[in-house]
Amino acid sequence: MADQSTHAASTAEADKGYWTANVRIILISLVIWALVSFGFGILLRPMLSGIAVGGTDLGFWFAQQGSILVFLALIFFYAFRMNKLDAEFGVEEE
Amino acid sequence: MDQFTINLLFVGASFALYIGIAIWARAGSTSEFYAAGRGVHPVTNGMATAADWMSAASFISMAGLIAFTGYDNSSYLMGWTGGYVLLALLLAPYLRKFGKFTVSEFIGDRFYSPTARLVAVICLIVASTTYVIGQMTGVGVAFGRFLEISNTAGLLIGACVVFAYAVFGGMKGVTYTQVAQYCVLIMAYTIPAVFISLQLTGNPIPALGLFGDYAATGEPLLAKLDAIVTELGFNEYTSHNGDTLNMVLFTLSLMIGTAGLPHVIMRFFTVPRVADARWSAGWALVFIALLYLTAPAVGAMARLNITDMFWPNGTNAEAVSVEQIETDPRYDWMATWQKTGLLGWEDKNGDGKIQYYNDNSETMQAKAAENGWEGNELTNFNRDILVLANPEIANLPGWVIGLVAAGGLAAALSTAAGLLLAISSAVSHDLIKGQLNPSISEKGELLSARIAMAAAIVIATYLGLNPPGFAAQTVALAFGLAAASIFPALMMGIFSKKVNNSGAVAGMLAGLIVTLVYIFLHKGWFFIPDTNSFSDADPLLLSIKSTSFGAVGAMINFAVAYLVAGMTKPVPQDIVELVESVRVPRGAGAATADH
């Protein structure tokens, strides 16, 4: 009995650590997500206007191409990182 | 063989393929009807999600909206792809772990309230129905063109086809047919784009050609485009001419709406494991990005080709003559599209030429007075025809035009079918079985699902006859509604242990009602024309157009939910445990439908 409750307590503890780590990864990813789209693509475009890309500027490229490529990288990074985290905390599916 | 026969052949062959697959994989039991027994690989699922997702709005409408506006409509590109990041990070894995079939089941259980489930069902039905209206607009354009009939007749025929298709499919049929549809639609979108990119820039990859050099003059393609559109009095293509606040909110609305739409989220219930739900979202975006990276090139290059078509000797020389439009085979597309009622021109000053320019521009008005022009003579160019007319404008071979017709229909059809399925499952599974009559038989549930589908398509067709905007704009309204109602509830359900039943219900209702009223005030009550009090040109609140209001609605939803939850009873212990279990993948069994 005592064994089981210790085990349950340590599982709950581990789950909490897992969730904190997960939320941190999500936050970092969302900062990048917002930076490339709302940042480089829209609000910071005037600052990037000096960098010419094929007849226009870098902000235009981010709005129509770059942000999409970064989104892709972010999702695959997250899936890869989380599957590793699942194993680290022993919370993966059987 | 004439173009009509080629189109018929391509569309017929692709339909035979989809229907063949649908019959082969016909749904038997209710659980198969909804979620295909959960045996779908992430790559397959990603491809099917992409087909489900890329509708008439993405395929038929979006590049046209970008072509005629330029940079300012980049919101569609960022919004409809950026939403997948939110979906993959914030929702998909947890909803898969929760392991039920529908979005409203999650909301009902997490907020331990049949009322919350009912409100979620209403939100889903409102958003999905608006979405179907946009699809029907696209269906009308595609059928009208390929049968060479009026837009209205095309819409009515299209509605019958969509309905027949959705009733016989079910999700399992839909999953594999959608893989086939994805292949057809992505080929149909990229092949003409590759041809055009080669013609204009010599680069076979349209996304690179867009930033390459215009082969005819050697200057950068976008610089050339900027130059010729400004010479005709239009806004510069690459510059930011609209309002920044509106652009940010519009992009955000499309993003969070993507993560709140039931027919997309439902896809992530059908993967075997939580880890697969994460990969699935990535694969879906890979397949979606193939089209979205090409779309801006399609838009810019089409704008260049169209302008060139009307000013064949440059914008400072003579405009194209009426005689040339009527006799030159390069201009045949204009006569074909005129039949649909979506393209029109008129020689207002009777000089035998068609001058296409911006007659709202003061410089151009001066130039017009000097040359005896009496207004823009390209009187109607519906944005939704651009992608379908594009291969004809670029004078591509007949089989490419046939392929594009098949692809446009695949796009409109697959999404309309997916949405009808989401609506029918919301009504039969959540509303009737979950609330009104829990003892309904499996047969009765299937029957009510089909009646719900029929009702949805009748309403959508009726409103599609007088749509509130171009296909992609109407669809954007649906995203605003999903953003304001469903996404915040799902997110709070997973990331907060404090938001309780009353908070969720109040939040969803506030978000939905405020957004819906804002849309109706600008687009007409229930989208009935001329019943609006404001217009998007001069919106009620700051510069926020009705299509951008979803993000504001979502903020209202969050705020109201936290406020109400803070004043009412805290979340019970068993629900706290439910939230904790949803957060870890361990122990995710097969999903169940025990309601």
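Please treat every number below as a calculation from the coordinates, not as lab data. All values reported here derive from a predicted model rather than from experimental measurement. Don't worry about glycine lacking a Cβ; one is built from the backbone with ideal geometry, like all the others, and counts go over all protein chains shown.
Summarising the amide proton neighbourhood of A:Val53: residues at separation of 5 or more, or on other chains, whose placed amide H is nearer than 5 Å comprise A:Leu58.
For A:Leu44, no residue 5 or more places off, or on another chain, has a built amide H under 5 Å of its own. Using Cβ point charges alone (K and R +1, D and E -1), the dipole size of segment B:322-383 about the Cα centre works out to roughly 280 debye. Listed values for segment A:12-17 are Karplus-derived 3J(HN,Hα) couplings in whole Hz (6.51 cos²θ - 1.76 cosθ + 1.60, θ = phi - 60°), namely 4, 4, 4, 4, 5, x, and x replaces Gly and Pro. Net charge in the neighbourhood of B:Phe549 (other residues with Cβ under 14 Å of its Cβ; Lys, Arg +1, Asp, Glu -1) is 0. Annotation: lysines with alpha-carbon distance below 21 angstrom to B:Lys523 (same-chain offsets under eight excluded): B:Lys545. If one computes the Cα centroid of segment B:394-430 and of segment B:207-260, what distance in Å separates the two points? Here the answer is 27 Å between Cα centres. For a paramagnetic label modelled on B:Ser321 (point 7 Å from Cα along Cα→Cβ), amide N atoms under 20 Å away belong, within segment B:374-398, to B:374, B:377-378. A straight Cα-to-Cα reach below 18 Å connects B:Lys367 with the lysines B:Lys348, B:Lys353, residues fewer than 8 places away in its own chain not being considered.
Taking amide hydrogens as placed 1.01 Å from N in the peptide plane, the amide H of B:Asp213 sits under 5 Å from those of B:Leu221, each at least 5 positions away in sequence or on another chain. Annotation: Cα Rg of the protein assembly as shown relative to the compact-globule expectation 2.2 N^0.38 Å equals 0.96. For the pair A:Arg81 and B:Gln435, label points projected 7 Å from Cα toward Cβ lie 4.0 nm apart.
Here the contact order of chain B, divided by its residue count and restricted to Cα pairs under 8 Å and six or more residues apart, works out to 28 percent. Distance between the modelled labels on B:Asn395 and B:Ser361, one decimal in nanometres: 2.6 nm (7 Å Cα→Cβ projection). Computed from backbone phi with θ = phi - 60° and the Karplus coefficients 6.51, -1.76 and 1.60, the 3J(HN,Hα) list for segment B:441-453 is 6, 4, 5, x, 5, 4, 5, 5, 4, 6, 5, 4, 4 Hz; x is used for glycine and proline. Using the Karplus relation 6.51 cos²θ - 1.76 cosθ + 1.60 with θ = phi - 60°, the per-residue 3J(HN,Hα) values for segment B:11-21 come to 5, x, 5, 5, 5, 4, 4, 5, 5, x, 5 Hz, with x marking Gly and Pro.
Under the √(5λ) rule applied to the eigenvalues of the Cα gyration tensor, what semi-axes describe the equivalent ellipsoid of chain A? Give them in Å, descending.
After scaling each eigenvalue by five and taking roots: 43, 12, 6 Å.
Over 21 Å apart at the Cα level, from the set A:Lys84/B:Lys97; B:Lys97/B:Lys443; A:Lys16/B:Lys497; A:Lys16/B:Lys498, are B:Lys97/B:Lys443. Placing +1 on the Cβ of every Lys and Arg and -1 on the Cβ of every Asp and Glu, with no other charges, gives the protein assembly as shown a dipole of roughly 2240 debye about its Cα centre.
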